[in-house]
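Each value in this text was obtained by applying a stated rule to the coordinates, not by laboratory testing. Predicted model, so just to flag it, every value in this text is computed and none were measured. All Cβ positions, even for glycine, are placed from backbone atoms using ideal geometry, and neighbour counts span all protein chains on display.
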């Protein structure tokens, strides 16, 4: 459980100009984050453009990250979808020997009832050989998984160990923190709320901006875990603008602009996403220069 306390990052998938996967840049990204204090890595999540990555590419991405990581950090793999049986079949077919946990997004588009959420994750729990981190992100899925459902799952299944809560709803965080089982982790999926969540009792964050500014962001979260709110908020205020910038148009176009500015990867994204506008790139570039 302690593996997932602190700062995790939802890695982007770097692309070459022809939109093939840039595995050299992916290796740079992995090392950049390991060298600058990140606690664990999340592979093939939403920020990794998993919706436009082929099955073969996903397998190659996992292989390269495992090779480059060399066992240094825990690895979390995104395995989710809105067809429960497909997710179950994928879990049964994947080689998860080098993976420490899976991150499974709440079913999107279908808009299930709360009982539907429960039965979906029950099936995943029964099929998964690895610990499960639930992922509630209603801004993308179009349906909120309510705290009562998350807590019911946390109490009923030992291998459901955490939730990445990304509803950008402070009251929902507090309800989860107040009523969760003692060993269940509440992980922020909202970069702008992450410090406050940690100070209220959360276990950390799975971040987007963290991979672009790993030293600063992971330090902020560590200060929060230590209860040092004044020092933590000094960093929070310095990073507020860039957190807003990276979500201004779409994710991961914003964070890829941050990484491109630092020479880690190109800012290419696959359709239907498009690269950040010149105006946004200028704001991001100026921020990095002044930081």
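Things worth noting here:
So that you can scan it fast, the table gives a plain yes or no per residue for (1) closer than 27 Å to residue 17 by Cα; (2) buried (at least 17 other Cβ atoms within 10 Å of the Cβ); (3) touching a helix residue (DSSP H, G or I) at 6+ places or on another chain (Cβ under 8 Å); (4) touching a residue at least 24 places away in the same chain (Cβ under 8 Å):
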{"residue": "239", "(1), (2), (3), (4)": "no, yes, yes, yes"}
{"residue": "245", "(1), (2), (3), (4)": "yes, yes, yes, yes"}
{"residue": "248", "(1), (2), (3), (4)": "yes, no, yes, yes"}
{"residue": "251", "(1), (2), (3), (4)": "yes, yes, yes, yes"}
{"residue": "256", "(1), (2), (3), (4)": "yes, yes, no, yes"}
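- Checked against (1) touching a residue at least 40 places away in the same chain (Cβ under 8 Å); (2) over 23 Å from residue 139 (Cβ atoms); (3) in a helix (DSSP H, G or I), residue 66 passes all but condition (1).
- Test: residue 155 is touching a helix residue (DSSP H, G or I) at 6+ places or on another chain (Cβ under 7 Å), more than 24 Å from residue 109 (Cβ to Cβ), in contact (Cβ under 8 Å) with a residue 12 or more places away in the chain and surrounded by fewer than 18 Cβ atoms within 10 Å (Cβ to Cβ): no
- The range 70-86, subset part of a helix (DSSP H, G or I) and surrounded by fewer than 19 Cβ atoms within 10 Å (Cβ to Cβ), residue nearest to the chain's Cα centre (by Cα): 86
- The single condition among (1) over 30 Å from residue 268 (Cα atoms); (2) crowded, with 21+ Cβ neighbours inside 10 Å; (3) in contact with a strand residue (DSSP E or B) (Cβ under 6 Å, 6 or more places away or on another chain) that residue 223 does not satisfy is (3).
- Checking each residue in the range 167-192 for being surrounded by 22 or more Cβ atoms within 10 Å (Cβ to Cβ) and closer than 18 Å to residue 255 by Cβ picks out 188, 189, 190, 191.
- Qualifying residue in the range 105-128 (condition: in a strand (DSSP E or B), in contact (Cβ under 8 Å) with a residue 24 or more places away in the chain and surrounded by 18 or more Cβ atoms within 10 Å (Cβ to Cβ)): yes
- Qualifying residue in the range 34-44 (condition: crowded, with 17+ Cβ neighbours inside 10 Å and in a helix (DSSP H, G or I)): yes
- Selected residue (only one of 60, 90 is surrounded by fewer than 16 Cβ atoms within 10 Å (Cβ to Cβ) and not in a loop (DSSP other than H, G, I, E, B)): 60
- Residue match in the range 22-42 (condition: within 26 Å of residue 138 (Cα to Cα) and free of Cβ contacts under 8 Å to residues at least 40 places away in the same chain): yes
- Residue satisfying condition, being surrounded by fewer than 20 Cβ atoms within 10 Å (Cβ to Cβ), over 18 Å from residue 47 (Cβ atoms) and without any contact (Cβ under 8 Å) to a residue 40 or more places away in the chain, within set 232, 201: 201
- Residue list for the range 268-282, restricted to those being under 15 Å from residue 242 (Cβ atoms) and under 24 Å from the mean Cα position of the chain (by Cα): 276, 280, 281
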